[in-house]
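Reviewing the structure listed below.
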Amino acid sequence: MKIKDGYILRDVAGVSFAVPVGSESVGNNKMITVNETGKFMWKILEKDVTREELLNKMLSEYDVDADVLNKDIDEFLNILRGDNLLEE
């Protein structure tokens, strides 16, 4: 899975936003705000990775329980899916 082409992450005044660019921006003015954890996941998802690879990279970066992290990953992926930002 990976972030769909036509979307980028931009920092504005210390806040990270996922924004559409190019043809994806036509008629689409929706921006998604992401926190630092979401930004880290977004960067990983810019390349095609499996969910397991995403989890392992997150576990190597953050000192958090795997069950908690799995829940957070699922929530983030569901947001991306809901906004049609994820290729699977």
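The values are calculated or read from the model by the stated rules, or taken from the named source; none is laboratory data. Predicted model only: the values in this text are computed from it and were never measured. Because the Cβ atoms are built from the backbone with ideal geometry, glycine has one as well, and the counts that use them run over all protein chains shown.
Consider the stretch 37-88 and keep the residues that are outside any helix (DSSP H, G or I) and aliphatic (A, V, I, L, M). The one that is surrounded by the fewest Cβ atoms within 10 Å (Cβ to Cβ) is 64. Which residue pairs have Cβ atoms under 6 Å apart, sit 6 or more places apart or on different chains, and have a first residue in the stretch 9-20 that is of a type in the set (Phe, Trp, Tyr) and a second that is assigned to a strand (DSSP E or B)? Qualifying pairs under 6 Å: 17/10; 17/33. In the stretch 38-58, the residues that are within 19 Å of residue 18 (Cα to Cα) reach residues that are assigned to a helix (DSSP H, G or I) and among the charged types (D, E, K, R) with C-beta atoms within less than 6 angstrom, at least six apart or across chains, in these pairs: 44/57.
Kindly indicate the residue of the stretch 1-49 that is of a type in the set (Lys, Arg) and touching a Leu at 6+ places or on another chain (Cβ under 7 Å) and also modelled with the lowest pLDDT among those meeting that condition. Only one residue fits best here, namely 4.
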